[in-house]
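Right, one structure below, let's go through it.
The values are calculated or read from the model by the stated rules, or taken from the named source; none is laboratory data. Note that this is a predicted model, so its numbers are computed, not measured. Here the Cβ is made from the backbone with ideal geometry for all residues, glycine too, and neighbour counts use every protein chain on show. Quick note on the areas: whole protein, heavy atoms, side chains included, nothing else; ligands and nucleic acids left out. Shrake-Rupley method; radii C 1.70, N 1.55, O 1.52, S 1.80 Å.
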Amino acid sequence: MDEIVEEGWRGFLEREFGTEEPLDERLIAEMVVDEPDKHPWRVVDAAYDRLTCAECGGRLSRGPASCASCNLANGFRYSAIEIDRPGVPPGNEHALRVNVAVTRRPYGISESEVLLRRLSLPVLLDGLLPTKAQAQATKAKANEGATEAELAELVYGEWGRL
């Protein structure tokens, strides 16, 4: 899942600087997080990965729910740009982004929600998207305590297929 973000970062560096490895990635990361609304979400998430939180010492935006600095950065990440990939239904990139964010920073999220988000990633990466009814039904099953196998059956068997 980190590769999804890293791929976006490498593409950004190549487009903007002509290389995948510039001399000062930290400086570039600081520039990106200062203007998250000007960059694709994958670039913003990767920039945060390159910065250290002064409060908790972890990767900025990925620290525990008790870290105010990471909570603030985590909120700012959602102002980044979402661009659906060619050939995917509208909203797929948003769903992918939310699932990646929850899976990478599960603090304060229920175990069933994290499990459901993790299980959903392959389907979303394949370019599928559940209908609203499918997503709500699956979420209800997760909230009722469905097993991983039961949730996987719904996600891999029904989502994005009519």
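Among residues of the stretch 1-19 that are closer than 13 Å to R97 by Cα, those with a Cβ under 7 angstrom from a residue that is open to solvent by less than 90 Å² (accessible area, probe 1.4 Å) and not in a helix (DSSP H, G or I), sequence gap 6+ or separate chain, pair up as G8/P40.
Checked against (1) under 22 Å from L129 (Cα atoms); (2) out of contact with any helix residue (DSSP H, G or I) (no Cβ under 6 Å at 6 or more places or on another chain); (3) open to solvent by 40 Å² or more (accessible area, probe 1.4 Å), E25 passes all but a single condition, namely (1). For the stretch 29-44, the tally of residues that are crowded, with 19+ Cβ neighbours inside 10 Å and part of a helix (DSSP H, G or I) stands at 8.
Only residues that are assigned to a helix (DSSP H, G or I) and among the β-branched types (V, I, T) were counted in the stretch 128-139, giving 1.
Test A47 against the criterion of being assigned to a helix (DSSP H, G or I), on the phi < 0 side of the Ramachandran plot and in contact with a His (Cβ under 8 Å, 6 or more places away or on another chain), and give yes or no. It is true that A47 is assigned to a helix (DSSP H, G or I), on the phi < 0 side of the Ramachandran plot and in contact with a His (Cβ under 8 Å, 6 or more places away or on another chain).
Any idea which residue in the stretch 45-55 is nearest to the chain's Cα centre (by Cα), counting only those that are more than 23 Å from E93 (Cβ to Cβ) and open to solvent by less than 30 Å² (accessible area, probe 1.4 Å)? Among those that are more than 23 Å from E93 (Cβ to Cβ) and open to solvent by less than 30 Å² (accessible area, probe 1.4 Å), it is L51. E14 falls short on exactly one of the conditions (1) surrounded by 18 or more Cβ atoms within 10 Å (Cβ to Cβ); (2) in a helix (DSSP H, G or I), and that condition is (1).
Let's see how each residue does on (1) closer than 24 Å to D45 by Cβ; (2) of a type in the set (D, E, K, R):
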{"position": "A80", "(1), (2)": "yes, no"}
{"position": "R85", "(1), (2)": "yes, yes"}
{"position": "S120", "(1), (2)": "yes, no"}
{"position": "N143", "(1), (2)": "no, no"}
{"position": "V155", "(1), (2)": "yes, no"}
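The set of residues in the stretch 128-156 being open to solvent by 50 Å² or more (accessible area, probe 1.4 Å) and either acidic (D, E) or more than 21 Å from the chain's Cα centre (by Cα) (or both) consists of A133, A137, K141, N143, E144, G145, T147, E148, A149, E150, E153. Cβ-Cβ contacts under 6 Å between residues 6 or more apart (or on different chains), taken from a first residue in the stretch 29-58 that is farther than 23 Å from E3 by Cβ to a second residue that is open to solvent by 40 Å² or more (accessible area, probe 1.4 Å) and among the hydroxyl-bearing types (S, T, Y), are listed as D37/S79; E55/S69.
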